[in-house]
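Contents: one structure, followed by commentary.
The values are calculated or read from the model by the stated rules, or taken from the named source; none is laboratory data. Quick caveat, the model's predicted, so the values are computed rather than measured. Positions of Cβ are backbone-derived with ideal geometry, glycine not excepted, and every protein chain shown enters the neighbour counts. SASA here: full protein model, heavy atoms, side chains in, ligands and nucleic acids out. Shrake-Rupley method; radii C 1.70, N 1.55, O 1.52, S 1.80 Å.
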Amino acid sequence: MYGWMKTNIAVLGAQWGDEGKGKIVDMLTPHFSAVARYQGGHNAGHTVYVNGKKFVLHLIPSGILHAGVTCLIGNGVVIDPQALFAEVEELARGGITVDGRLKISEKAHIILPYHRELDVLSEARRGERKIGTTSRGIGPAYEDKIGRRGIRVCDLLGDRTALADEVRENVSARNRMIIDSTLDWKPVFDQVVAFGERMRPWVDDVSLSLHTMMAEGKTVMFEGAQATLLDIDHGTYPFVTSSNASVGGVCTGLGVPPRAIGGVLGVAKAYTTRVGEGPLPTELSGALADRLRESGQEYGASTGRPRRCGWYDAVAVRYSVRINGLDALALTKLDVLDGLERIDICTAYRCGDRTLTEFPSDVAQLTQCEPVYESMPGWTTPTAGVRDFDRLPAAARAYIARLEEVSGVRAAIVSTGSERDDTILRDPSFQSSDFRVQI
Ligand code: GDP
Ligand code: IMO
Ligand code: MG
């Protein structure tokens, strides 16, 4: 175990999502007492393979596969109770029990069935300008939260008359939004009451539990969903998700102070993917895109949609390093590049007659940007499954070194396969004092 694992760390997406956060969180979990999700909902799909067995986590933290580890879902997460129950049942079928170690914030907001409907409707209304959401009701649930009319987990367990009033008000607001809609509030009320009862054993003051654990000297890993470029504030707005996936979300989404975060690990693929609409400057098409999609199995873990694929975008990752203060990268899916003759790295954008080295704020400008590439030789000896840095082909080592240079951050972890052990834990000297902060 390296020094920087002796403190609480945040593990989050440094690109457009699906970087392999689930694999990295699962792999690091034995070094922590607890894993806590701070934002998003079941739009996330975090895949973990254990001895060939596949688990896809959506709401439950990716630490759940390790017995004895506490898994917490923070107030910043939006919870679809039906999705939660389905996930608990799926885990049980895989021999994993959540009892006694799943804790759900009483302040987390609930996704109601009509949020899903509103999500689909709002996408249809946007037409050509659609976001390409996961249709899980995430955006509408966060809209109700920010609009101060959301329903929280604690509301389900509190005064029934107050809950009935809230549900009635929400349903009538929804009916006003959909022409000719006359949804009855009572069945919705009965349903959410039943949801609350089923969730009751897990409901907790998550902020307090985390503070107590940390005061006892236990360490926590904060798990992000989605990614920095999908962050509602810092992502490619409006083609983003509706929460703060970047590091700021840890504090607001869990009720922990900034000094509780001892280090930030960004997860990045050795190339780039995106699912849904919105600009992707290094996007490839044709045979090369198909090649990356097939060898990387780039299909959405939640929706099954094919992911758009492109070369590594160092402008985007540098931006992510800045926004999150990334201390290190976990560089994943290096093996997917095995056998390519040449590999391109985007180091800047050309926008008209200007060269940009910083990520632009305006999505219209980003759409017009052309990547500036430098090209590196590929490698023929496979990296798949390699667990020792020195056993990587020289060209792969050179590629990683160049990514580190142009991204401005160390790749402390390199992943060469989807299994836990297909991982290179590099650089024991990476024990910067930043990572030893204790609260
Ligand atoms: P997440 O949402 O960030 O957790 O990522 P996803 O689970 O949506 O997508 C990442 C996919 O890549 C999953 O199917 C992982 O099993 C897989 N994966 C993770 N790391 C590696 C790796 O180093 N090599 C390969 N080939 N697959 C990987
Ligand atoms: P993980 O945690 C990749 C994308 C959707 C869409 C946009 C908004 O597995 O990395 P939403 O349903 O959130 O309102 O959709 O965000 N998106 C993701 N893309 N990985 C995810 O999660 C995503 N969650 C949402 O495709 O473009
Ligand atoms: Mg995913």
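Of all residues in region 292-315, count the ones that are in a strand (DSSP E or B), open to solvent by 10 Å² or more (accessible area, probe 1.4 Å) and more than 9 Å from ligand 1 (Cβ to nearest atom).
The qualifying residues number 2.
Within region 207-219, is there a residue that is in a loop (DSSP other than H, G, I, E, B), open to solvent by 30 Å² or more (accessible area, probe 1.4 Å), within 13 Å of ligand 2 (Cβ to nearest atom) and of a type in the set (Lys, Arg)? Reasoning before the result, please.
Just the residues of region 207-219 that are in a loop (DSSP other than H, G, I, E, B), to begin with: 216-219.
Going one step further and asking which of them are open to solvent by 30 Å² or more (accessible area, probe 1.4 Å), we end up with 216-218.
Still in the list and also within 13 Å of ligand 2 (Cβ to nearest atom): none.
For region 207-219, residues in a loop (DSSP other than H, G, I, E, B), open to solvent by 30 Å² or more (accessible area, probe 1.4 Å), within 13 Å of ligand 2 (Cβ to nearest atom) and of a type in the set (Lys, Arg): absent.
Residue-by-condition table, conditions (1) within 16 Å of ligand 3 (Cβ to nearest atom); (2) open to solvent by 10 Å² or more (accessible area, probe 1.4 Å); (3) out of contact with any Leu (no Cβ under 7 Å at 6 or more places or on another chain); (4) among the polar types (S, T, N, Q):
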residue: Ala34; (1), (2), (3), (4): no, no, no, no
residue: Gln39; (1), (2), (3), (4): yes, no, yes, yes
residue: His42; (1), (2), (3), (4): yes, yes, no, no
residue: Val48; (1), (2), (3), (4): yes, no, no, no
residue: Asn51; (1), (2), (3), (4): no, yes, yes, yes
residue: Ser62; (1), (2), (3), (4): yes, no, yes, yes
residue: His66; (1), (2), (3), (4): no, yes, yes, no
residue: Gly74; (1), (2), (3), (4): no, no, no, no
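Please go through (1) within 29 Å of Leu292 (Cβ to Cβ); (2) modelled with pLDDT of 95 or more; (3) touching a Gly at 6+ places or on another chain (Cβ under 9 Å) for Ile24 and return the number of the only condition it doesn't satisfy.
Among (1) within 29 Å of Leu292 (Cβ to Cβ); (2) modelled with pLDDT of 95 or more; (3) touching a Gly at 6+ places or on another chain (Cβ under 9 Å), the lone unmet condition for Ile24 is (3).
List pairs: first in region 106-132 and under 15 Å from Phe239 (Cβ atoms), second among the aromatic types (Phe, Trp, Tyr) and surrounded by 15 or more Cβ atoms within 10 Å (Cβ to Cβ), Cβ under 7 Å, 6+ apart or cross-chain?
Matching pairs, first to second residue: Ile131/Phe239.
State yes or no: is Ala194 over 26 Å from Gly20 (Cβ atoms) and of a type in the set (A, V, I, L, M, F, W, C)?
Spelling it out, Ala194 is indeed over 26 Å from Gly20 (Cβ atoms) and of a type in the set (A, V, I, L, M, F, W, C).
Checking Thr47 against (1) more than 10 Å from ligand 2 (Cβ to nearest atom); (2) closer than 26 Å to Arg274 by Cβ; (3) of a type outside the set (D, E, K, R), only one condition comes out false. Which one?
Of (1) more than 10 Å from ligand 2 (Cβ to nearest atom); (2) closer than 26 Å to Arg274 by Cβ; (3) of a type outside the set (D, E, K, R), only one is false for Thr47: (1).
Limited to region 10-24, what total is found for residues that are of a type in the set (A, V, I, L, M, F, W, C) and near ligand 1 (Cβ under 8 Å from one of its atoms)?
1
Matching residues to (1) touching a His at 6+ places or on another chain (Cβ under 9 Å); (2) in a loop (DSSP other than H, G, I, E, B); (3) within 13 Å of ligand 1 (Cβ to nearest atom):
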{"site": "Ala225", "(1), (2), (3)": "yes, yes, yes"}
{"site": "Asp233", "(1), (2), (3)": "no, yes, no"}
{"site": "Thr236", "(1), (2), (3)": "no, yes, no"}
{"site": "Ser243", "(1), (2), (3)": "no, yes, no"}
{"site": "Ser246", "(1), (2), (3)": "yes, yes, no"}
{"site": "Thr252", "(1), (2), (3)": "no, no, no"}
{"site": "Val256", "(1), (2), (3)": "yes, yes, no"}
{"site": "Ala268", "(1), (2), (3)": "no, no, yes"}
{"site": "Thr273", "(1), (2), (3)": "no, no, yes"}
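Could you list, in sequence order, the residues of region 357-366 that are exposed (fewer than 15 other Cβ atoms within 10 Å of the Cβ) and β-branched (Val, Ile, Thr)?
Thr357
Can you name every residue in region 329-358 that is away from ligand 1 (no atom under 16 Å from the Cβ) and either within 24 Å of Met27 (Cβ to Cβ) or not in a strand (DSSP E or B) (or both)?
Glu341, Gly352, Asp353, Thr357, Glu358
Only one residue in Arg160, Arg168, Arg198, Arg136 is out of contact with any Phe, Trp or Tyr (no Cβ under 7 Å at 6 or more places or on another chain) and either more than 30 Å from Met27 (Cα to Cα) or of a type in the set (Asp, Glu) (or both), so which one is that?
Result: Arg160 is the single residue among Arg160, Arg168, Arg198, Arg136 that is out of contact with any Phe, Trp or Tyr (no Cβ under 7 Å at 6 or more places or on another chain) and either more than 30 Å from Met27 (Cα to Cα) or of a type in the set (Asp, Glu) (or both).
When residues of region 236-247 are filtered for being closer than 21 Å to His46 by Cα and either more than 9 Å from ligand 2 (Cβ to nearest atom) or open to solvent by 10 Å² or more (accessible area, probe 1.4 Å) (or both), how many remain?
The qualifying residues number 7.
In region 316-331, which residue that is surrounded by fewer than 23 Cβ atoms within 10 Å (Cβ to Cβ) and not charged (D, E, K, R) is farthest from ligand 3 (Cβ to nearest atom)?
Residue satisfying both the conditions and the ranking: Gly325.
Please verify whether region 3-16 includes one or more residues that are over 20 Å from Ser135 (Cα atoms), of a type in the set (Val, Ile, Thr) and within 12 Å of ligand 2 (Cβ to nearest atom).
Yes: region 3-16 contains one or more residues that are over 20 Å from Ser135 (Cα atoms), of a type in the set (Val, Ile, Thr) and within 12 Å of ligand 2 (Cβ to nearest atom).
So, Ser302, is that one among the hydroxyl-bearing types (Ser, Thr, Tyr), modelled with pLDDT under 95 and out of contact with any Pro (no Cβ under 6 Å at 6 or more places or on another chain) or not?
Considered against the rule, which asks whether it is among the hydroxyl-bearing types (Ser, Thr, Tyr), modelled with pLDDT under 95 and out of contact with any Pro (no Cβ under 6 Å at 6 or more places or on another chain), Ser302 comes out as yes.
Answer yes or no: is there a residue in region 265-283 that is under 23 Å from Gly22 (Cβ atoms), of a type in the set (D, E, K, R) and open to solvent by 10 Å² or more (accessible area, probe 1.4 Å). Walk me through how you get there before you give the answer.
The initial filter retains those residues of region 265-283 that are under 23 Å from Gly22 (Cβ atoms), namely 265-276, 278, 280.
Still in the list and also of a type in the set (D, E, K, R): 269, 274.
When the remaining residues are screened for being open to solvent by 10 Å² or more (accessible area, probe 1.4 Å), the result is none.
No: region 265-283 contains no residue that is under 23 Å from Gly22 (Cβ atoms), of a type in the set (D, E, K, R) and open to solvent by 10 Å² or more (accessible area, probe 1.4 Å).
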